[in-house]
Structures are given as structure tokens and as C-alpha cells.
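Let me begin by presenting the structure, written as C-alpha cells, before commenting on it.
The values are calculated or read from the model by the stated rules, or taken from the named source; none is laboratory data. What you are looking at is a predicted structure, and each value in this text was computed from that prediction instead of being measured. Neighbour counts are summed over all protein chains in view; Cβ atoms, including those assigned to glycine, are modelled from backbone coordinates with ideal geometry.
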Amino acid sequence: MKPHLLLLVACCVAFAAAQSPADTRLSATIDSGTLQGANFGPAPNEVMFLGIPYAAPPTGERRWKPPQPVEKWEGARRADAYGAACPQKDRSIQPGFVKGFMAFQPYYSFHTDEDCLFLNLWTTNLPGDHPSEKLPVMVWIHGGSNLDGASQGPFQPMGPALARKGVLVVSINYRLGVLGFMAHPALTAESPHHSSGNY
């Protein structure tokens, strides 16, 4: 093994060994695989999982098609930063707002990509804490007239606030503009539902 690779492996092993037992609280396993979240506040139970894919990337042959199941992954997937927002006009990006928001939440980012079907989750009640307790769930679907917006919008300061009240908070992205809502006879003809215009 090359010396620089050996050093990298040694550093990774040392880092893994140095992690505290509390770090296991930041992991969760879902049908697609294991997620490694992050704390959104100082308490160890204030946990968020960001940028979780809920469908396969809607690109190529999957463009203008119903969402397809997400592919499973091996190992732990980092879930400590927002995924891409769906493509949209630049008017939705407000530099002053983004700069101020990034100061408030360092894990905030805004970039767009056609691979954008991600959700985010905030909670203070992890499965191991109260396994029989059912929590209220609030799902936030951003506005924007089906043209712009993202799951990491101005609502997001409320995610941690509501989670601290015992709510499991979820926010999602959805396809926008022509990639999400274009109706066309050719798309209707190839659709098993004989319709088009809402993806």
C-alpha cells in the first residue's frame, strides 16, 4: 500500500476510535440504508437528518415520469447538509437572505440540480428514546407557484423549534417548472395514466 494511503487509513481508524458513544445517537436506519445525521442544537437528542433521497434521481429516462424508488446504499450516508434544490429561475435566489441564513445555520446551502428529490427531518425523540411513543408529524411543502423554492427555505428556523416541542418535522423538495408540471400530448400518450403535467 502506498504511504499516503496508509496514513489516510490510519487517520480514519483513529478518528473512528475517538468518536464518543453519543455519536451513535446520530445514526438511523431506514429502508434505503443507514443515515448519519448531525445535531441542530447543544442537546444530544436534538438531531437532524438532511438531504435524504426519497426517490431515484428524476433524470434521463426518469425525466417526466412518476418518482421511482430510491436505490439502497451501502454503509452510512452522511445526512448533515441539504441536498440540491430543484432547477428554477435565478429570481428565487436572494443573496442577502441566503447570506443571513447561512450565518444562522452553517449547514445551509443553496444549489440546484435535476437530482433534487430530497427530504429533511428534525427530531428530539429518536427511536431508542421512546420506542412505543407515536409522535405528531408535520410535513412542510414549500410554496413558490410550482416555479421556485426549496426545502431549505425561510421555514427552516421552525424545524428545530417545532422539534423541541415534540414534533417530528419533515420538509421536502419537489420538481418545479417544466420538469415538474409540463403537460404535453406526447407525454400524455406515453403515460400509463393517460395524463401529464404533475410529476
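Scanning the range 34-70 for residues that are surrounded by 17 or more Cβ atoms within 10 Å (Cβ to Cβ), in a strand (DSSP E or B) and either basic (Lys, Arg) or out of contact with any helix residue (DSSP H, G or I) (no Cβ under 8 Å at 6 or more places or on another chain) (or both) yields Leu35, Phe49, Leu50, Gly51, Ile52, Pro53.
Within the range 1-33, work out how many residues are modelled with pLDDT under 50 and in a helix (DSSP H, G or I). Here the count works out to 18.
Sub-8 Å Cβ pairs linking a first residue in the range 172-199 that is surrounded by 13 or more Cβ atoms within 10 Å (Cβ to Cβ) and part of a helix (DSSP H, G or I) to a second residue that is of a type in the set (Ser, Thr, Tyr) and at pLDDT 95 or above, at least 6 apart or interchain, are Gly180/Tyr174, ordered by first then second residue. Residues in the range 53-62 that are among the basic types (Lys, Arg) and under 13 Å from Asp113 (Cβ atoms): none. Of all residues in the range 84-105, at least one satisfies being out of contact with any Gly (no Cβ under 7 Å at 6 or more places or on another chain), farther than 23 Å from Pro53 by Cβ and at pLDDT 55 or above.
Considering only residues of the range 140-171 that are part of a loop (DSSP other than H, G, I, E, B) and polar (S, T, N, Q), which is farthest from Pro53 (Cα to Cα)? Write out each step before concluding.
Residues of the range 140-171 part of a loop (DSSP other than H, G, I, E, B): 142-157, 164-167.
Next, from what is left, pick out any that are polar (S, T, N, Q): 145-146, 151-152, 156.
On the way: Ser145: 23, Asn146: 20, Ser151: 12, Gln152: 14, Gln156: 18 Å.
Here the residue is Ser145.
Of all residues in the range 148-171, those being surrounded by 15 or more Cβ atoms within 10 Å (Cβ to Cβ) and under 21 Å from Phe110 (Cβ atoms) number 14.
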